[in-house]
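Q: Starting off with a structure, shown below.
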Amino acid sequence: MIEQFRQHIADFRLFEPGDPVLLAVSGGVDSMVMAELFHRAGYNFAIAHCNFGLRGAESNLDERFVASIAESYGVKLFVKHFKTREYAGFNKISVQMAARTLRYEWFDELLATEGFKTVATAHHLDDQIETFFINILRGTGISGLHGILANRRGIVHPMMFAFRRQIEEFAGDEAIGFREDSSNRSSKYLRNKIRHDLMPLLGEINPEFRKTITFTIDRMRETEHLLDNYLSAVRETVMVVNADGIAFRIGELLKLAPVEVYLFELLQPYGFNRSVTDEIVRGLQDIPGKQYFSQTHRLVKDRELLILTESGPAGSQPAGELLIEEGTSEIKKPVQLRFSVIQNDENLMITKSAAVAMLDAGKIRWPLRLRKWKEGDTFVPYGMTNNKKLSDYFIDNKFSIVEKENAWLLISGNEIAWLIGHRIGNRFRIDPGTEQVLRIELLD
């Protein structure tokens with residue numbers, strides 16, 4: 001097994017022989033065999049153990065066992081205790097998801113502070129097959145069928161050459177001690193149901209099913225690479241990156257067939273599942289304003305674009321107004337603005353940048369008020385004489401839904417002095433009688 005182990009690491013370039021690697025060791029048979037192989041191969045490693053506090057005294061015995069192994073190898077040990085149930089309850093997620101999140105957040109901290117090149121976990125080929133079935137049952141695109149990647153974002157899987165049976169046989173032959181997690185016997189978890197019920201049944205149908213499914217997963221991974229290359233060209237046609245984030249051209253999407261498949265593959269990286277992307281397709285020709293959500297992102301249908309932003313209303317800020325007193329030189333939140341007062345003379349440079357407002361300082365009533373726009377707001381845009389509803393101004397100037405959500409106003413008295421980043425109010429324009437100019441620059 002040691003030669004297969006070395007070869008797998010070399011084939012997938014998981015790390016260089018001298019790199020410091022942090023091993024995630026629970027005390028179970030998989031991670032104990034991994035630690036033993038690292039030790040025998042002479043690699044540079046330390047051990048990290050998570051005590052999730054979920055099994056009382058059993059969890060503490062696991063910790064002491066791992067500590068004794070680290071001492072016997074003469075390697076550094078990192079241990080972290082977590083309040084897993086409390087974290088799960090506070091974040092309204094499952095205990096299993098909480099443990100996973102806490103675990104990898106801690107690993108990221110250790111990578112950043114302790115100088116390790118990577119973290120190694122003991123996932124093996126049976127774990128890959130179980131994950132394959134979990135993703136099928138939950139619904140997935142092709143990316144959910146590629147299995148556990150050998151190297152992904154700083155996490156490597158050096159045991160992904162062996163099946164569970166091979167690992168257990170090696171542990172028995174080499175008298176490698178390990179701890180048995182009692183929760184692994186429980187069938188209340190989906191992974192355990194697959195492991196204890198589905199896998200034996202598949203073994204009865206086809207004794208070689210593990211090799212067959214592993215071969216299929218490898219082919220899926222290769223197919224995914226082909227798909228990614230093709231989608232890169234599609235993205236260049238349908239995607240646009242603008243100030244609001246990422247957007248998709250509806251007209252170009254409608255040229256694709258089947259559009260449901262394309263849109264799912266384009267949006268799946270942002271957490272959208274197939275049922276939501278199918279709903280989006282059905283609404284592509286509806287009126288603007290419909291919103292769709294994943295756990296991390298929001299998609300808004302505008303006139304010609306689907307606009308993608310991070311979750312929550314785009315540009316959302318605390319309600320209310322911010323007062324800006326006379327003499328303020330800069331504010332940083334909720335938008336970054338810089339203020340200065342300059343003389344109006346022959347040396348004055350008038351900028352046409354939409355990010356700069358140059359106002360007659362004598363017409364300003366302090367304090368200025370900064371707030372989001374609301375229905376019913378009106379102003380006289382620069383160069384015009386009649387009052388105009390902001391909502392009409394947005395329509396005339398083809399503001400997207402997200403641009404409207406992000407619209408901020410500077411109010412002087414009861415009048416809009418500047419629709420920030422777009423247009424000043426005409427009453428505050430510089431004229432021949434202006435003595436001083438209030439210059440306001442939008443910095444973000």
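The values are calculated or read from the model by the stated rules, or taken from the named source; none is laboratory data. Predicted, not measured: the structure shown is a model, and the values here were computed from it. Glycine also receives a Cβ, built like all others from the backbone with ideal geometry; neighbour counts cover every protein chain displayed. Side chains are part of the model used for accessible areas, which takes the heavy atoms of the whole protein and leaves out ligands, DNA and RNA. Shrake-Rupley method; radii C 1.70, N 1.55, O 1.52, S 1.80 Å.
Q: Sorting Arg429, Arg153, Arg338, Arg282 by accessible area (1.4 Å probe), largest first, what list results?
A: Arg153, Arg282, Arg338, Arg429
Q: How far is helix 2-11 tilted, in degrees, relative to the longest principal axis of the Cα atoms in the chain, given as a value from 0 to 90 rounded to the nearest 10?
A: Helix 2-11 sits at roughly 20 degrees to that axis.
Q: Taking a ≥ b ≥ c as the square roots of the eigenvalues of the Cα gyration tensor of the range 329-381, is the shape rounded (a/c under 1.5), prolate (a/b larger than b/c) or oblate?
A: Judged from the Cα gyration tensor, the range 329-381 comes out prolate (a/c at least 1.5, a/b above b/c).
Q: Another question about this same structure. Taking the Cα centre of the range 185-308 as origin, work out the dipole magnitude from +1 charges on Lys and Arg Cβ and -1 charges on Asp and Glu Cβ, in debye rounded to 20.
A: 580
Q: At a probe size of 1.4 Å, how large is the accessible area of Asp173, to the nearest 10 Å²?
A: Rounded to the nearest 10, the figure is 130 Å².
Q: For a quick check, take a GNM of the chain with Cα springs below 10 Å and name the residue from Ala24, Ala417, Ala355 with the largest mean-square fluctuation.
A: Its mean-square fluctuation being the largest, the pick is Ala355.
Q: Another question, if that's okay. By how many degrees, between 0 and 90 and to the nearest 10, does the Cα long axis of helix 164-173 differ from the longest principal axis of the chain?
A: Compared with the principal axis, the helix lies near 50 degrees.
Q: Sticking with this structure for a sec: Could you work out [θ]222 nm for the chain from helices alone, using -39500 (n - 2.57) per DSSP H run of at least four and dividing by all its residues? Round to the nearest 500 deg cm²/dmol.
A: Value at 222 nm, helices only: -11500 deg cm²/dmol.
Q: Another question, then. For each pair in Lys363/Lys398; Lys372/Lys404; Lys332/Lys389; Lys372/Lys398, compute the distance between the two Cα atoms and list the pairs where it is over 20 Å.
A: Over 20 Å apart, Cα to Cα: Lys363/Lys398; Lys332/Lys389.
Q: Shifting gears a bit: Among Pro269, Ile142, Ser400, pick out the residue whose Cα is farthest towards the positive end of the charge dipole of the chain, where Lys and Arg carry +1 and Asp and Glu carry -1 on C-beta, about the Cα centre.
A: Ser400
Q: Tell me which lysines have Cα within less than 25 Å of Lys83's Cα, excluding those fewer than 8 residues away on the same chain?
A: Of all the lysines, those that pass the test against Lys83 - Cα under 25 Å, at least 8 places apart if same chain - are Lys92, Lys188.
Q: What does the charge dipole of the range 1-93 about its Cα centre add up to, to the nearest 20 debye, if the Cβ of each Lys and Arg holds +1 and the Cβ of each Asp and Glu holds -1?
A: Around 360 debye, computed over the range 1-93.
Q: Using only alpha carbon pairs under 8 Å that are at least six residues apart, calculate the relative contact order of the chain and give it in whole percent.
A: 11
Q: Could you state the angle between the C-alpha long axis of helix 57-73 and the longest principal axis of the C-alpha atoms of the chain, as a value from 0 to 90 degrees rounded to the nearest 10?
A: 80
Q: Decide, for the range 1-87, between rounded, prolate and oblate: order the square roots of the alpha carbon gyration tensor eigenvalues as a ≥ b ≥ c, take rounded if a/c falls under 1.5, and otherwise choose prolate if a/b is larger than b/c, else oblate.
A: Prolate shape, in that a/c is at least 1.5 and a/b is the bigger ratio.
Q: Would you rank Lys211, Lys92, Lys372 by solvent-accessible area, highest first, keeping every protein chain in place and using a 1.4 Å probe?
A: My answer, sorted largest first, is Lys92, Lys211, Lys372.
Q: A follow-up question, please. Quote the charge dipole size of the chain about the Cα centre in Debye, to the nearest 20; the model charges only the Cβ of Lys and Arg (+1) and of Asp and Glu (-1).
A: My answer is approximately 980 debye.
Q: If a/c stays under 1.5 just call it rounded; otherwise compare a/b with b/c (prolate if a/b is bigger, oblate if not). Do that for the chain, with a ≥ b ≥ c from the square roots of the Cα gyration tensor eigenvalues.
A: Prolate shape, in that a/c is at least 1.5 and a/b is the bigger ratio.
Q: Follow-up question, since we're still on this one. Would you check the accessible area of Ile69, probe 1.4 Å, heavy atoms only, in square angstrom rounded to 10?
A: 30
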